[in-house]
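Asks: Dumping the structure here so I can ask a few things about it.
The values are calculated or read from the model by the stated rules, or taken from the named source; none is laboratory data. Remember, predicted model here, so these are calculated numbers, not experimental data. All Cβ positions, even for glycine, are placed from backbone atoms using ideal geometry, and neighbour counts span all protein chains on display. We work out accessible area using only protein heavy atoms, side chains counted, and drop any ligands, DNA or RNA first. Shrake-Rupley method; radii C 1.70, N 1.55, O 1.52, S 1.80 Å.
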Amino acid sequence: PYSIGLPYSNFKRGLNYYNSLFGARAVLWHQGESDKVQNVSAATYQTNVNYVIAKSRNDFSNNLPWVISRASFIDGAPSTVITGAQTGLINNANQIFAGPETDGINNNTVAGSRDNINLHFSKIVGMPLLADAWSSYLNNSFFNNSNPIAANTPPTISVSYVNASQLTLSVPSGYTSYKWVSGDFSYG
């Protein structure tokens, strides 16, 4: 149902945009339910995710850290095939870290933690549980062993005065695009 390059191109665009502002600590990967429904094999799942990891590192940064959750719960049950494949992707030396196992947060164990099809987390009960699960994995060990990507260095802006009320701002050549953002900054 996606056009060529989607949904990856949106993911790439987001990485480029937010890194330019803030840098990147890691990609947090929480996906696997649809692969369970489609009976994807462990080998195919790993091949597919490794492809996305490699592509993101080729397009963005060679050492971009990833954190892989173990997520497969749909239709009232988890999949050990998918969660096993997710576990098999984890390789700290290659900057692929373990994320939480979230299949245990479900309506069978925590009433109201998932929506009516037992897939997505409900905001009232499930979201804080999901956030706590992620927080327990994004710990000192992760922060000490992952290599963050620094924000892009902003270009040097050149200023030339046209007249008393007008000036021209420019950046070095070589950029495919840039966006000027104005703001009303008051300092008090």
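Asks: Consider the range 91-132. How many of its residues are among the small types (Gly, Ala, Ser), surrounded by 19 or more Cβ atoms within 10 Å (Cβ to Cβ) and either part of a strand (DSSP E or B) or touching a residue at least 60 places away in the same chain (Cβ under 8 Å) (or both)?
Replies: Applying the first criterion (among the small types (Gly, Ala, Ser)) to the range 91-132 yields 93, 98-99, 104, 111-113, 122, 126, 131.
From the residues that got through so far, the ones that are surrounded by 19 or more Cβ atoms within 10 Å (Cβ to Cβ) too are 99, 113, 126.
Narrowing the set further to residues that are either part of a strand (DSSP E or B) or touching a residue at least 60 places away in the same chain (Cβ under 8 Å) (or both) leaves 99.
Selection size over the range 91-132: 1.
Asks: Quick one: in the range 16-41, which of the residues that are more than 28 Å from ASN118 (Cβ to Cβ), in a helix (DSSP H, G or I) and not aliphatic (A, V, I, L, M) is most open to solvent (accessible area, probe 1.4 Å)?
Replies: Per the stated criteria, the residue is PHE22.
Asks: Which condition does TYR161 not pass, out of (1) of a type outside the set (Lys, Arg); (2) modelled with pLDDT under 95; (3) assigned to a strand (DSSP E or B); (4) open to solvent by less than 100 Å² (accessible area, probe 1.4 Å), if it passes all the others?
Replies: (4)
Asks: Now a separate question. GLY88: open to solvent by 30 Å² or more (accessible area, probe 1.4 Å), of a type in the set (Gly, Ala, Ser) and not in a helix (DSSP H, G or I), yes or no? Let's see the steps before the verdict.
Replies: Details: open to solvent by 30 Å² or more (accessible area, probe 1.4 Å): yes; of a type in the set (Gly, Ala, Ser): yes; not in a helix (DSSP H, G or I): no.
No.
Quick grid of which residues meet (1) in a helix (DSSP H, G or I); (2) open to solvent by 70 Å² or more (accessible area, probe 1.4 Å):
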residue: ALA43; (1), (2): yes, no
residue: THR47; (1), (2): yes, yes
residue: ASN62; (1), (2): no, yes
residue: VAL67; (1), (2): no, no
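Asks: Search the range 69-85 for residues being in a loop (DSSP other than H, G, I, E, B) and not acidic (Asp, Glu), and hand back the single one that is farthest from the chain's Cα centre (by Cα). Show your work before the answer.
Replies: Applying the first criterion (in a loop (DSSP other than H, G, I, E, B)) to the range 69-85 yields 71-73, 75-76, 78-79.
Next, only the ones that are not acidic (Asp, Glu) stay: 71-73, 76, 78-79.
Working: ALA71: 15, SER72: 18, PHE73: 20, GLY76: 26, PRO78: 22, SER79: 23 Å.
Checking each candidate, the answer is GLY76.
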